[in-house]
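A quick write-up on the structure given underneath.
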Amino acid sequence: MTIVTRFAPSPTGYLHVGHAYSASLAYQKAKGAGGRFILRMEDIDGTRCRAEFEDAIFEDLAWIGLEWEQPVRRQSEHLDDYAAVLERLFAQELIYPCFCTRKEIAAEIARSHSAPHGPDGPLYPGTCKELSADEREANFSKGLPYALRLDMSKALDKADVSSLYFEELDKGFIQCDPERFGDVVLARKETPTSYHLAVTLDDALQGVSLVVRGQDLFEATHLHRLLQHLLALPTPKYLHHGLVSDIKGRRLAKRDKSATLKDMRENGYSPEDIRKLIGFSVKY
Ligand code: GLU
């Protein structure tokens, strides 16, 4: 089977050395095995994504010597695809509209004196799950903003998670435990998808067979595996790599200007310097 890997940045800032590592590792895993490497723009957040950052991503990746297939999929150009899978989840009654504001959720959590946290923040207390069909309709007709949430307990019943696993390269099979996300948001009225839904669908649509990404997204894979099951999508293998830190041991972030590839290039670093820095000393 041909290995297909991808690098899927969000154009919300300049890439840093950690991104160079992630992209290079994905590239090497594919190219080293005669496979394919894909670049995808995860640009669903219209308020934070900018064309200038997208251009910089192309420039930086080409500068460190990577080549990718054309055309590059931009998530913002495929919102219909996400809407279609949401329809399928809706038809199975696995998602429900939630009209709560952040403030209302915080107040409800404070009232309940229990605040379980998931990887994406405090778990939703389920307020809108109980709304009747009439109450939902009334809210829709008032034009209230809403989010579409996964009904986690129904999803768990449907999926029989005790038999769901994903494969972490070189580590073996890991049992899927998505309950930690609670009734996670899969879409919002104004953005008809979320990171979790879009990434899961796109990896399947693009035939990605090995997802290479940072350890910070390891938890998310539990949810993605559940979504794959509910949507009858294939399951890729995973490789969650360690995160690159600065000399003080802090994880690099897009806001750390000094470590951006753009900045390093402008300060005289060569692509070979970057490759050595991230441990890829040979030319691809
Ligand atoms: N778009 C995500 C990010 O920039 C990465 C998604 C993924 O690799 O699954 O953090």
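Any read-out appearing in this document is the output of simple, stated calculations on the displayed coordinates, not a laboratory observation. Nothing here was measured: the structure is a model prediction, and the numbers come from that model. Neighbour counts run over all protein chains shown; Cβ positions are idealised from the backbone, glycine included.
Applying 1/(1 + (r/R0)^6) with R0 = 22 Å to the Cβ-Cβ distance of residue 109 and residue 188, what FRET efficiency is obtained, to the nearest 0.05?
Given R0 = 22 Å and the Cβ-Cβ separation, E is 0.65.
Loop-only trypsin sites (Lys or Arg not before Pro) in the stretch 140-177, please: DSSP not H, G, I, E or B, and at most 15 other Cβ atoms within 10 Å.
142, 171
Would you mind ranking 141, 76, 22 by Cβ crowding within 10 Å, fewest neighbours first?
Exposure proxy ranking, most exposed first: 141, 76, 22.
Would you list 269, 82 from fewest to most Cβ contacts within 10 Å?
269, 82
Using a Förster distance of 35 Å, how high is the FRET efficiency between residue 267 and residue 174, based on the Cβ-Cβ distance and rounded to 0.05?
Once the sixth-power term is evaluated, E becomes 0.30.
Quick check: residue separation of residue 48 and residue 127 times 0.36 nm, minus the Cα distance between them. What number comes out in nm?
Answer, rounded to one decimal: 25.5 nm.
I'd like the isolated cysteines in the chain, meaning no second cysteine's beta-carbon lies under 4.7 angstrom from theirs.
Unpaired cysteines in the chain: 49, 100, 176.
Name the residues of the stretch 18-60 whose amide N is less than 20 Å from a point 7 angstrom out from the Cα of residue 70 along the C-beta direction?
36-42, 51-60
Roughly how many whole Å is it from the C-alpha centroid of the stretch 51-126 to that of the stretch 23-38?
26 Å
Normalising by the residue count of the chain, find the relative contact order in percent from Cα pairs under 8 Å and 6+ residues apart.
Rounded, it is 24 percent for the chain.
Within the set 154/189; 29/158; 103/142; 129/237; 29/276; 158/237, which residue pairs have Cα atoms separated by over 25 Å?
Those over the limit are 29/158; 129/237.
Compute the length gained on full extension between residue 217 and residue 251: take 0.36 nm times their separation in residues and subtract their Cα-Cα distance, giving the result in nm to one decimal.
10.9 nm
Work out which GluC sites (Glu not before Pro) in the chain are exposed loop sites (DSSP not H, G, I, E or B, at most 16 other Cβ within 10 Å) and give the longest gap free of them.
Counting at most 16 other Cβ atoms within 10 Å as exposed, the longest clean stretch of the chain is 94-189.
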